[in-house]
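Here the structure is laid out as structure tokens; the discussion comes afterwards.
The values are calculated or read from the model by the stated rules, or taken from the named source; none is laboratory data. All of these numbers come straight from a predicted model, not from anything done at the bench. Cβ placement follows ideal geometry from the backbone for every residue including glycine, while neighbour counts extend to all protein chains displayed.
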Amino acid sequence: MMDPAIKDALKAIVAAVRRPMPDPAGLPDFGFDPAFLERTAPALAFLWSRYFRVRLLGLENVPASGAALLVANHSGGLPYDGAMLIHACHSLHPARRPLRPLVATFAVRSPWMRPVVARIGGVRASMRNALDLCERGQLVGVFPEGLRGVGKPYRERYRLTNFGRGGFVRLARTAKVPIIPVAIVGAEEAHPVVAKLTQLAKPFRLPYIPITPTFPLLGPLGLLPVPAKWSIQIGKAIAPMSQPDRDTLEIAEQVRNVVDRMIADLLLERRSIFFG
């Protein structure tokens with residue numbers, strides 16, 4: 001029998017999807033609803049502790065207060081990695097800090113995605129929105145690989161794509177906040193992407209439809225993620241504003257290298273995809 005708390009969390013998610021939501025840009029705090037996050041927390045806790053069985057390292061590197069950028073690798077076909085980082089900061093950190101991940105435009109324009117994405121803290125990625133969050137002392141989640149990372153073919157797993165043009169470094173320098181590198185291992189196996197359909201995705205307002213070994217072959221069941229065991233390592237803070245002699249792209253590459261090394265170390269320790 002399903003745990004009543006998880007059942008209530010799923011009901012809250014379904015109810016949110018069914019309830020129309022205006023553009024979050026015009027809502028207080030971009031539509032973030034702390035009560036919704038609390039109600040849905042049991043579902044994230046189930047994914048964390050019983051499904052992905054996440055091992056978390058370095059949570060002490062997330063400050064108890066003040067703004068910071070958590071900069072992580074991105075993968076897995078669907079953004080479970082963002083959801084797990086939200087859970088780590090909100091439910092496991094002693095200060096219970098909400099994480100405000102910057103998300104792709106399509107996620108907040110989609111009438112069936114934005115009611116959940118916005119309510120749990122997601123904000124459309126833009127410099128203006130990110131600066132607003134930093135000015136209010138928020139934790140901001142950044143995934144510089146973007147859609148290139150989350151839609152990466154399985155054969156390229158754990159090969160980091162370019163970290164963009166250093167927008168997150170400019171953000172950190174402008175807002176005078178630290179960058180905290182994050183490495184996530186396990187998400188690559190959640191939905192092994194073998195191909196992508198772009199034309200068929202347009203009616204659903206999606207950038208693509210991932211083809212995996214189980215989807216669409218198994219229908220809706222094929223959307224269930226593979227229960228790989230995850231490891232998440234949060235590194236020590238990097239302060240771009242204290243490095244005026246280095247350019248933006250150089251610091252972005254430094255952050256990418258730190259994340260890459262942490263991923264390599266976690267993979268070296270891993271003996272099994274399913275048992276860690």
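Is it fair to say residue 81 is touching a helix residue (DSSP H, G or I) at 6+ places or on another chain (Cβ under 7 Å), part of a helix (DSSP H, G or I) and of a type outside the set (Phe, Trp, Tyr)? First the steps, then the outcome.
On the way: touching a helix residue (DSSP H, G or I) at 6+ places or on another chain (Cβ under 7 Å): yes; part of a helix (DSSP H, G or I): yes; of a type outside the set (Phe, Trp, Tyr): yes.
Against the criterion (touching a helix residue (DSSP H, G or I) at 6+ places or on another chain (Cβ under 7 Å), part of a helix (DSSP H, G or I) and of a type outside the set (Phe, Trp, Tyr)), residue 81 qualifies.
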Review point. If you scan region 158-197, which residues turn out to be in contact with a strand residue (DSSP E or B) (Cβ under 8 Å, 6 or more places away or on another chain), not hydrophobic (A, V, I, L, M, F, W, C) and not in a strand (DSSP E or B)?
Key: 158, 178, 186, 191
**Study point:** Inter-residue pairs, beta-carbon under 7 Å, first in contact (Cβ under 8 Å) with a residue 40 or more places away in the chain and in region 217-229, second surrounded by fewer than 10 Cβ atoms within 10 Å (Cβ to Cβ) and not aliphatic (A, V, I, L, M), 6+ apart
**Key:** 229/275
Check your understanding: Is there any pair with a first residue in region 135-147 that is crowded, with 19+ Cβ neighbours inside 10 Å and a second that is in a strand (DSSP E or B) and charged (D, E, K, R) whose Cβ atoms are under 6 Å apart and which are 6 or more apart or on different chains, and what are they?
Key -> 138/100; 140/100
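When the residues of region 230-276 are narrowed to those that are within 23 Å of residue 158 (Cβ to Cβ) and of a type in the set (Ser, Thr, Tyr), which ends up surrounded by the fewest Cβ atoms within 10 Å (Cβ to Cβ)? Outline the logic, then answer.
So the first thing to find is which residues in region 230-276 are within 23 Å of residue 158 (Cβ to Cβ), and the list is 230-236, 238, 249, 251-276.
Those still in the list that are of a type in the set (Ser, Thr, Tyr) too: 231, 272.
Numbers: 231: 22, 272: 8.
The selected residue is 272.
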Check your understanding: If you go through region 120-132 one residue at a time, how many are buried (at least 24 other Cβ atoms within 10 Å of the Cβ), at negative phi and not in a strand (DSSP E or B)?
Key -> 3
Practice item. Consider residue 220 carefully, then state whether it is within 23 Å of residue 107 (Cβ to Cβ), part of a helix (DSSP H, G or I) and at pLDDT below 90. Key: yes
**Study point:** Unmet criterion (only one of (1) surrounded by fewer than 17 Cβ atoms within 10 Å (Cβ to Cβ); (2) on the phi < 0 side of the Ramachandran plot; (3) outside any helix (DSSP H, G or I)) for residue 100
**Key:** (1)
Review point. Which ones in region 4-35 are touching a helix residue (DSSP H, G or I) at 6+ places or on another chain (Cβ under 7 Å), touching a residue at least 40 places away in the same chain (Cβ under 8 Å) and among the charged types (D, E, K, R)?
Key: 19, 33
**Study point:** Scope region 164-174; condition crowded, with 20+ Cβ neighbours inside 10 Å and at pLDDT 95 or above; matching residues
**Key:** 168, 169, 171, 172
Practice item. Hey, can you tell me all the residues within region 249-272 that are among the charged types (D, E, K, R) and within 14 Å of residue 183 (Cβ to Cβ)? Key: 256, 260, 261, 265, 269, 270
